[in-house]
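Here is the structure we will look at, set down as structure tokens.
Readers should treat all values here as calculations from the given coordinates under stated rules, not as data from a laboratory. Small disclaimer: the values here were computed from a predicted structure and weren't measured. Because the Cβ atoms are built from the backbone with ideal geometry, glycine has one as well, and the counts that use them run over all protein chains shown.
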Amino acid sequence: MNAISKDLPAPGSAGSTLQALNQWVVDVAALTRPDAIHWCDGSDAENAALVAKMEADGTLVRLNEQTHPQSWLHRSHPDDVARVEHLTLVCTPEREDAGPNNHWMAPAQAHAKIDALFDGCMRGRTMYVIPYCMGPIDSPLSRCGVEVTDSPYVVANMRIMTRMGAPALARIEREGSFVKGLHSIGELDPERRFIMHFPEELTIKSYGSGYGGNALLGKKCHALRIASHQARSEGWLAEHMLILGLEDPQGKTHYIAAAFPSACGKTNLAMLIPPEGYREAGWKIWTIGDDICWMRPGADGRLYAINPEAGFFGVAPGTSRKSNPNALASIQSHTIFTNVGVTADNQPWWEGIGDDRQPVTDWRGEPYDAAKGPAAHPNSRFTVSAKRCPSYSDKAEDAQGVPISAIVFGGRRASLVPLVFEARDWTHGVLVGAAMGSETTAAATGAVGVMRRDPMAMKPFCGYNFADYFAHWLSFDQPGAQLPKVFHVNWFRKGDDGKFLWPGFGDNLRVLEWMIRRVDGSAEGVETPIGVLPQAGEIDLEGVALAPGARDMLLGFDREGWRAEFEALGAYLAEYGPRMPEALRAEQQRIAEQ
Ligand code: GDP
Ligand code: PGA
Ligand code: MN
Ligand code: MN
């Protein structure tokens with residue numbers, strides 16, 4: 001390891017030629033009082049040393065080296081297993097700028113509150129300085145940050161999830177600016193936990209949690225909350241979207257970006273393997289990203305997208321050879337598992353893994369007892385490099401990004417919402433995104449299965465007022481723009497028996513195919529007040545086993561149900577007052593009156 005020292009570095013003498021970075025590190029160290037400071041270079045040797053240290057102190061448990069080479073299990077504190085939205089704050093000078101969609105605190109008060117927690121919190125610990133780049137190192141769309149943390153687990157995860165270390169530091173020194181992220185696991189006490197964002201200051205302060213979305217600051221905090229704020233002023237979009245390439249039998253690839261709330265199918269769709277028949281015909285899905293998408297208009301007027309991340313932080317439960325073979329192949333080695341169970345021979349295990357191995361230990365490290373709940377926490381995760389995924393596309397490393405043909409919104413909706421429909425135009429598409437609702441999942445603390453509004457799957461992640469955010473989306477509709485078509489999907493419609501009506505997973509390709517045919521103009525669809533639905537026969541259902549009546553429920557339009565839905569949407573938009581763009585309210589009213 002390089003540059004570990006007991007003393008605080010003098011300004012200018014530390015790990016960077018950038019004075020502003022050194023000074024910030026010095027200031028942070030003066031506040032947090034670490035025993036040592038380590039500037040991360042991202043090398044293999046550094047990682048090996050960190051992993052060895054974590055194995056020695058029990059932070060990581062090595063898994064079966066024969067079946068899962070170079071893979072580890074981390075058990076988090078049992079009270080620290082998901083994002084904490086009620087403790088996540090956006091601290092803009094004006095409360096209105098954060099909007100009713102965010103928890104807010106005045107910046108001065110917020111700094112004072114969290115700095116009191118940081119005071120001396122790294123005594124006895126090493127402070128790691130992690131320079132990282134979100135997006136390909138050479139892309140003009142990429143942005144850099146530096147995370148300072150006292151958690152080696154965070155370092156190991158950031159190394160997988162971002163382009164971390166020397167090349168990122170070189171870019172930061174060239175550009176002279178970076179997002180500052182200060183993180184400490186603190187005491188892992190839920191009563192002493194905050195995730196704070198200061199968009200105007202390009203600053204994040206996170207205390208008291210080691211969980212992914214709260215602690216890997218490049219991900220949700222930087223690449224969504226801070227970036228969405230930056231994107232608004234710079235004319236681009238930072239979205240909670242997967243990006244995939246859909247290659248047709250002629251070899252033509254369309255790129256699709258899709259926003260689903262956490263634990264609603266992004267990773268699965270991004271890695272989809274086409275169903276029988278499609279596969280043989282030559283259809284193929286290429287993975288660009290599974291969680292975050294940054295996009296901006298190119299010279300030709302199309303939106304070009306990059307995945308700012310370098311790895312996947314995927315939901316483990318439900319991942320099987322059947323549901324997501326690409327994910328399973330990705331996590332055979334070099335993977336960090338968090339809060340999964342283990343088998344007698346020390347292999348990782350979770351509910352829905354789809355083979356006959358059995359867990360003996362649960363995610364808390366206790367003997368597995370089905371009566372005490374699942375072996376793997378419902379929000380247990382794997383962290384793995386995107387390069388390990390068999391479907392990972394070369395285009396994901398392309399500095400220019402990929403042109404987006406279609407944007408898809410979707411959520412968990414047990415009733416009403418059909419399998420797929422298409423927005424009439426961009427403004428309608430923005431309304432479709434704004435109208436999104438979904439049942440809550442285990443990705444955030446709190447009740448599961450409760451319907452809530454989650455516009456564009458950004459409720460937990462938009463770093464500013466949703467009314468301004470919708471206005472920003474609307475602003476892309478300009479002369480010369482070649483905007484993607486906008487669709488809405490619902491893989492989670494349930495029948496009266498409570499079972500999913502649609503098989504989902506690989507069969508979702510049938511729906512993507514219809515979208516691409518709409519883009520190319522070879523599917524007609526049928527007009528309804530909510531948009532264009534597939535005509536009978538336009539979605540190939542050959543070989544799909546559907547329950548009686550399922551087809552009509554999946555592909556039908558329920559006028560009365562939608563009337564109530566649109567009334568509720570009108571009330572929701574009104575909550576934002578006059579700040580809500582008039583065009584969006586007019587669109588809502590136009591449809592409500594049909
Ligand atoms: P993400 O958090 O949005 O990336 O969601 P994931 O792709 O990890 O999926 C979250 C959960 O939803 C997992 O338990 C999946 O098995 C499940 N899931 C994903 N896609 C589908 C689908 O098409 N149909 C159904 N019924 N479940 C799905
Ligand atoms: P997810 O990402 O969208 O894959 O669940 C993590 C999260 O949202 O916390
Ligand atoms: Mn996410
Ligand atoms: Mn995911």
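Observations on the structure shown:
- The alpha carbons of segment 510-585 occupy a box of 50, 32, 17 Å along the principal axes, longest dimension given first.
- Going by neighbour counts of Cβ atoms within 10 Å, the residues His183, His334 line up, fewest first, as His334, His183.
- The coefficient of translational diffusion for segment 272-366, derived via Stokes-Einstein from the alpha carbon Kirkwood radius under 37 °C and 0.692 mPa s, stands at 204 µm²/s.
- Semi-axes of the equivalent ellipsoid for segment 48-145, computed as √(5λ) from the eigenvalues of its C-alpha gyration tensor and ordered from largest down, come to 34, 21, 16 Å.
- Just so you know, the Cα atoms of segment 451-513 work out to an Rg and Dmax of 16.4, 49 Å.
- Mean silhouette area of segment 140-189, derived from the convex hull of its C-alpha atoms and averaged over all directions, reads 4.1 nm².
- The alpha carbon convex hull volume per residue for segment 400-462 rounds to 128 Å³.
- Rg/Rg_ref, segment 111-253, where Rg_ref = 2.2 N^0.38 Å and atoms are Cα: 1.14
- Equivalent ellipsoid semi-axes, segment 174-270, via Cα gyration tensor eigenvalues times 5, rooted, Å: 31, 19, 10
- Fraction of antiparallel bridges per DSSP, segment 85-153 only, in percent to nearest 5: 80 percent
- Gap separating the Cα centres of segment 393-467 and segment 526-594, nearest whole Å: 15 Å
- Bridges between two residues of segment 35-130, per DSSP, are antiparallel at a rate of about 25%.
- For Met458, Met134, order by how many other beta-carbon atoms lie within 10 Å, fewest first: Met458, Met134
- Computing FRET efficiency as 1/(1 + (r/R0)^6) for Asp57 and Arg563, where r is the C-beta to C-beta distance and R0 is 60 Å, gives about 0.50.
- Here segment 310-445 is described by how far its Cα atoms reach on the three principal axes: 55, 39, 26 Å, from widest to narrowest.
- For the chain, a simple Cβ point-charge model (Lys and Arg +1, Asp and Glu -1, everything else neutral) yields a dipole of about 380 debye relative to the Cα centre.
- Given charges at Cβ of Lys, Arg, Asp, Glu: the chain dipole, positive-most of Ser206, Thr67, Asn508: Ser206
- Taking only the alpha carbons of segment 492-551, we obtain Rg and Dmax values of 12.6, 38 Å in that order.
- Couplings for segment 246-259, taken from phi via the Karplus curve 6.51 cos²θ - 1.76 cosθ + 1.60 with θ = phi - 60°, read 10, 8, 8, x, 7, x, 8, 10, 9, 9, 10, 10, 9, 9 Hz in order; Gly and Pro are left as x.
- The Cα center of segment 209-239 and the Cα center of segment 87-137 differ in position by 12 Å.
- Along each principal axis, Cα extent of the chain, largest first, Å: 71, 56, 45
- Along the axis of the charge dipole computed for the chain (Cβ charges of +1 for Lys and Arg, -1 for Asp and Glu, origin at the Cα centre), the listed residues Tyr255, Gly58, Ile539 are led at the positive end by Gly58.
- Put in order of Cβ neighbour count within 10 Å, fewest first, the listed residues Val420, Val519, Val25 become Val519, Val25, Val420.
- Per residue, the average separation of C-alpha pairs within less than 8 Å and at least 6 apart gives segment 445-587 a relative contact order of 23 percent.
- Pairwise Cα distances in segment 443-594 exceed 27 Å in 37 percent of cases.
- Here the sum of -39500 (n - 2.57) over DSSP H runs of 4 or more residues, divided by the residues of the chain, equals -7500 deg cm²/dmol at 222 nm, to the nearest 500.
- Rounded to 5, percent antiparallel among DSSP beta bridges of the chain: 65 percent
- Each Cα pair under 8 Å and six or more residues apart adds its separation to the average, and for the chain the resulting relative contact order is 14 percent.
- The share of alpha-carbon pairs in segment 105-182 lying farther apart than 16 Å comes to 56%.
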